[in-house]
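Asker: Here it is, the structure, as structure tokens.
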Amino acid sequence: MKKAWLALENGAVFEGQAFGAQVDSIGEVVFNTGMTGYQEVLTDPSYAGQIVCMTYPLIGNYGLNAEDYESNRPYVRGFIVRENETQPSNFRSTETLDGFLLRYGITGLCGIDTRALTKILREAGTMRGKIVVADAFEWGDLQATLQAWDMGDVVQQVCVKEREVHPAQGECQFRVALCDYGLKRNIIRSLTKRGCEVTVFPANASAADILAINPDGIMLSNGPGDPKTCITAIQTIRDLMGQRPIFGICLGHQLTALANGADTGKLKYGHRGANHPVKDLAHDVTYITSQNHGYAVLKETLDESRMELSHVNLNDGTVEGIRYKDADVFTVQFHPEASPGPQDTAYLFDEFIAHMKKRKGGVHHA
């Protein structure tokens with residue numbers, strides 16, 4: 001393997017070895033605390049524009065397979081691990097982590113102290129970084145390059161460009177319009193296995209486009225980047241409020257809050273992993289959740305006459321769920337579809353089904 005370096009915009013430099021594509025790569029450096037699920041992390045569109053550091057020290061030990069992809073390809077700009085396992089042991093494995101990254105042109109970096117890197121990100125916050133593949137490292141104009149780099153409109157990069165229809169498993173009971181801001185496939189699977197025909201719409205779809213299929217309910221997906229850049233989607237959600245039952249996840253949760261007058265802010269280092277405790281306030285129950293976000297809805301900006309805090313993060317007290325009092329709408333910041341992560345909060349999909357059934361008076365589609 002070639003020698004490689006990770007340079008952060010605060011001046012920190014780590015020396016390691018490149019694997020995968022072994023080319024220079026720049027992005028926002030974040031960390032994920034999951035012990036497993038690296039394949040789902042790699043193929044989660046919410047990581048678009050980011051270089052992901054896995055905090056668990058051994059990655060690649062069970063290989064990769066196409067059945068567990070969460071999208072049609074990976075969107076990360078780089079992947080950092082302490083130790084890259086080149087001989088995976090798993091009957092479902094079809095390729096190695098190294099081969100996967102090479103096939104998609106993504107640079108991996110191994111052999112660095114990922115614990116030290118994570119401590120820097122926790123203390124200084126998420127920052128830009130660049131993986132440089134070279135025999136020796138020189139700063140040159142790299143500092144200016146890092147400062148100038150921008151993630152761009154990542155939602156448009158990852159969402160579908162044309163409408164897609166996914167049939168229900170078994171009898172079709174409900175029709176769901178799913179707004180794609182960077183969705184994970186398990187959202188679709190979670191709906192179709194519950195008897196829903198799912199029509200996926202691009203992020204720039206209008207309310208008229210969505211309502212034209214006469215859906216029983218509307219889902220707003222996860223996705224990458226700053227929610228405030230999604231101006232068209234925010235207006236669409238504003239137009240959809242009260243029209244149908246709506247269930248939003250992650251970015252969809254943030255966009256719904258913005259559409260209703262609340263505000264969002266960037267977290268110091270975000271929440272990424274499969275082990276985040278969240279309390280359901282209505283039921284006084286704590287769940288372990290899968291999360292991946294760098295922004296959060298600001299609690300103090302909620303209009304309590306219309307918006308009720310439903311879930312809260314027990315690590316830092318941030319908003320994890322909102323229910324709307326003047327419309328049949330509820331949203332969560334975490335990922336009830338998991339993949340990777342625990343299945344504790346999959347009940348929210350059943351709740352969404354119940355909302356659609358109530359609106360239809362118990363009548364199903366033929």
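Asker: Among Gly195, Gly261, which is the only one that is farther than 21 Å from Gln157 by Cα, open to solvent by less than 20 Å² (accessible area, probe 1.4 Å) and not hydroxyl-bearing (Ser, Thr, Tyr)?
Answerer: After ruling out the rest, the residue left standing is Gly195.
Asker: If I ask for residues that are part of a loop (DSSP other than H, G, I, E, B) and over 25 Å from Thr264 (Cβ atoms), which ones from the stretch 345-366 would you list?
Answerer: Those that are part of a loop (DSSP other than H, G, I, E, B) and over 25 Å from Thr264 (Cβ atoms): Ala346, Gly361, Gly362, Val363, His364, His365, Ala366.
Asker: Turning to a different aspect of this structure: For the stretch 200-252, which positions are charged (D, E, K, R), closer than 16 Å to Asp153 by Cα and free of Cβ contacts under 8 Å to residues at least 40 places away in the same chain?
Answerer: Scanning the stretch 200-252 gives a single hit, Lys228.
Asker: Any idea how many residues of the stretch 292-310 are buried (at least 19 other Cβ atoms within 10 Å of the Cβ) and aliphatic (A, V, I, L, M)?
Answerer: Result for the stretch 292-310: 4.
Asker: Another question, if that's okay. For residues that are open to solvent by 10 Å² or more (accessible area, probe 1.4 Å) and among the aliphatic types (A, V, I, L, M), scanning just the stretch 57-74, find the one that is farthest from Met35 (Cα to Cα).
Answerer: If we take residues in the stretch 57-74 being open to solvent by 10 Å² or more (accessible area, probe 1.4 Å) and among the aliphatic types (A, V, I, L, M), then Ala66 is farthest from Met35 (Cα to Cα).
Asker: Which count do you get for residues in the stretch 315-342 that are in a loop (DSSP other than H, G, I, E, B), touching an Asp or Glu at 6+ places or on another chain (Cβ under 9 Å) and open to solvent by 20 Å² or more (accessible area, probe 1.4 Å)?
Answerer: 4
Asker: In the stretch 215-235, which residues are open to solvent by less than 10 Å² (accessible area, probe 1.4 Å) and of a type in the set (Ser, Thr, Tyr)?
Answerer: Selection gives Ser221 alone.
Asker: To continue, here is another question. Looking at (1) surrounded by 24 or more Cβ atoms within 10 Å (Cβ to Cβ); (2) among the charged types (D, E, K, R); (3) within 23 Å of Ala4 (Cβ to Cβ), which is the one condition that is false for Arg77?
Answerer: Answer for Arg77: the failing condition is (1).
Asker: Can you pull out every residue in the stretch 29-56 that is open to solvent by 20 Å² or more (accessible area, probe 1.4 Å) and not in a loop (DSSP other than H, G, I, E, B)?
Answerer: Glu40
Asker: Looking at Gly11, Gly16, Gly20, Gly99, which one is in contact with a helix residue (DSSP H, G or I) (Cβ under 9 Å, 6 or more places away or on another chain), open to solvent by less than 30 Å² (accessible area, probe 1.4 Å) and at pLDDT 95 or above?
Answerer: It is Gly20.
Asker: What pairs can you find where one residue is in the stretch 103-121 and closer than 17 Å to Tyr47 by Cα and at pLDDT 95 or above, the other is in a helix (DSSP H, G or I) and among the acidic types (Asp, Glu), and their Cβ atoms are less than 8 Å apart, with a gap of 6+ or different chains?
Answerer: Gly108/Asp98
Asker: Can you tell me which residue in the stretch 154-185 is nearest to Tyr75 (Cα to Cα), limited to those that are of a type outside the set (A, V, I, L, M) and surrounded by fewer than 13 Cβ atoms within 10 Å (Cβ to Cβ)? Lay out the reasoning, then the answer.
Answerer: Step one: of the stretch 154-185, the residues of a type outside the set (A, V, I, L, M) are 156-157, 159, 161-164, 166-167, 169-175, 179-182, 184-185.
Filter once more, keeping what is surrounded by fewer than 13 Cβ atoms within 10 Å (Cβ to Cβ): 161-162, 167, 170-171.
Numbers: Lys161: 16, Glu162: 19, Pro167: 26, Gly170: 32, Glu171: 34 Å.
Among those that are of a type outside the set (A, V, I, L, M) and surrounded by fewer than 13 Cβ atoms within 10 Å (Cβ to Cβ), it is Lys161.
The values are calculated or read from the model by the stated rules, or taken from the named source; none is laboratory data. All figures in this text were calculated on a predicted structure; none of them were measured in a lab. All Cβ positions, glycine included, derive from the backbone under ideal geometry; neighbour counts span all protein chains shown. Note: accessible area is taken over every heavy atom of the protein model, side chains too, but ligands, DNA and RNA are not part of it. Shrake-Rupley method; radii C 1.70, N 1.55, O 1.52, S 1.80 Å.
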